[in-house]
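K.L.:
Once you've had a glance at the structure underneath, I'll fire off some questions.
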Amino acid sequence: MKKKAATTNKGPSVRSCVACGEKSRKETLVRFVLLSGEVAPDWRGTLEGRAVYACPTPDCVRKLYAVKRLPDAFLQGAPRFAVPREEILAWIRDQAIASLTHFLSLARKSGVLTTGQNTIADAMERDGKAPAAVLMTADTADRTVREVTRLLPAGTPILRWGDQASLGAAIGTRPVGVVALAASPITERIRHYGAMINLFSLSQEH
Ligand SMILES: [Zn+2]
């Protein structure tokens with residue numbers, strides 16, 4: 001007896017990058033929609049209508065801006081962009097910083113994030129478990145970076161971002177250079193935006 005194929009898709013939504021064709025989970029891609037006839041980035045992925053997606057890399061975003069045509073079902077004719085070509089990479093970097101800040105604050109409020117080098121050591125001693133990731137600011141002293149790195153099991157992701165004042169401001173504390181992140185979907189978002197900020201900041205330098 002033949003069973004009817006399941007019509008509900010319980011897996012994560014996957015979309016193709018319009019620049020390179022590679023498939024990724026929707027929430028890890030940059031979404032673009034049509035706003036008043038212009039191709040506009042939809043950072044939060046909340047705007048209605050047809051969309052195209054690009055990998056969150058400067059390469060694929062540059063390629064999207066260079067295309068002469070997009071899929072006909074999305075837009076017929078040559079695309080016009082709401083954010084000018086020369087501003088889009090900085091625009092994405094700034095949005096990624098805003099999102100990172102938002103998720104750091106959320107992590108702090110929900111107990112996913114703890115601050116300070118000693119907290120990491122104490123937590124590891126108490127729980128016998130390493131944090132899922134650690135974020136250190138760019139202005140953290142080299143000695144501290146070495147000590148924290150030595151505490152952590154090999155392979156623990158270490159993000160570098162911002163300075164102690166901006167990290168403290170993001171999480172509503174005094175300036176802080178080291179925070180530990182427990183395993184959580186929030187931590188995954190923080191890693192995602194942290195990686196994006198690095199990619200898009202590097203591409204601004206030349
Ligand atoms: Zn791509």
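K.L.:
Would you mind getting the Kirkwood hydrodynamic radius of segment 93-202 from its Cα pairs, rounded to one decimal in Å?
P.N.:
Taking the inverse mean of 1/r over all distinct Cα pairs, segment 93-202 comes out at 13.7 Å.
K.L.:
Regarding segment 21-147, what is the average projected area of its C-alpha convex hull, in nm²? Walk me through the intermediate numbers first.
P.N.:
Values: hull surface 43.4 nm².
The number I arrive at for segment 21-147 is 10.9 nm².
K.L.:
Residue by residue, what Karplus-based ³J(HN,Hα) values in Hz, rounded to whole numbers, does segment 79-87 have, using 6.51, -1.76 and 1.60 with θ = phi - 60° and x for Gly and Pro?
P.N.:
Per residue, the Karplus-derived 3J(HN,Hα) values read x, 10, 10, 5, 9, x, 3, 6, 10 Hz.
K.L.:
A follow-up question, please. Tell me, what are the semi-axes, in whole angstrom and largest first, of the equivalent ellipsoid of segment 14-83 as set by the roots of 5 times the Cα gyration tensor eigenvalues?
P.N.:
For segment 14-83, the ellipsoid semi-axes come out as 17, 14, 11 Å.
K.L.:
I would also like to ask the following. How far, in degrees from 0 to 90, does helix 142-151 lean away from the longest principal axis of the Cα atoms of the chain, to the nearest 10?
P.N.:
Once rounded, the angle reads 90 degrees.
K.L.:
Sorting check: for 88-94, 188-194, 142-148, which peptide has the highest mean count of neighbouring beta carbons within 10 Å, and how do the rest follow?
P.N.:
Descending packing order for the listed peptides: 188-194, 88-94, 142-148.
K.L.:
Let me ask you something else. Within the chain, what whole-number % of the accessible surface is contributed by carbon and sulfur, with the 1.4 Å probe and all protein chains included in the calculation?
P.N.:
Of the solvent-accessible surface of the chain, carbon and sulfur hold 51 percent.
K.L.:
What residue among Ser36, Ser24, Ser99 shows peak mean-square fluctuation when the chain is described by a Gaussian network model with Cα springs under 10 Å?
P.N.:
With Cα springs under 10 Å in the chain, the top fluctuation among Ser36, Ser24, Ser99 is at Ser36.
K.L.:
Another question, if that's okay. What ³J(HN,Hα) values, in whole Hz, does the Karplus curve 6.51 cos²θ - 1.76 cosθ + 1.60 give for segment 31-44 when θ = phi - 60°, with x put for Gly and Pro?
P.N.:
Residue by residue, segment 31-44 yields 9, 10, 10, 9, 10, 6, x, 10, 7, 10, x, 10, 4, 8 Hz.
K.L.:
Can you list the HN-Hα couplings for segment 53-69, worked out from phi with the Karplus curve (6.51, -1.76, 1.60; θ = phi - 60°), rounded to whole Hz and with x for Gly and Pro?
P.N.:
In residue order, the calculated couplings are 10, 9, 4, x, 10, x, 4, 5, 5, 4, 5, 4, 5, 8, 6, 7, 9 Hz.
K.L.:
Given Cβ point charges of +1 (Lys, Arg) and -1 (Asp, Glu) and nothing else, what value in debye, to the nearest 20, does the dipole of segment 14-83 about its Cα centre take?
P.N.:
Details: 12 positive and 7 negative charges, 26 e Å.
So the dipole magnitude of segment 14-83 works out to roughly 120 debye.
K.L.:
For the chain, what is the accessible area per residue in Å² when the probe is 1.4 Å?
P.N.:
Here the residues of the chain average 59 Å² of exposed surface.
K.L.:
Another question, if that's okay. Report, in deg cm²/dmol and to the nearest 500, the calculated mean residue ellipticity at 222 nm for the chain, where each DSSP H run with n ≥ 4 adds -39500 (n - 2.57) and the sum is divided by the residue count.
P.N.:
Numbers: 6 runs with 81 residues, N = 206.
Per the formula, -12500 deg cm²/dmol.
The values are calculated or read from the model by the stated rules, or taken from the named source; none is laboratory data. Source: prediction; values computed, not measured. When we count neighbours, we look across all protein chains shown, and the Cβ atoms used for this are built from the backbone with ideal geometry, even at glycine. Quick note on the areas: whole protein, heavy atoms, side chains included, nothing else; ligands and nucleic acids left out. Shrake-Rupley method; radii C 1.70, N 1.55, O 1.52, S 1.80 Å.
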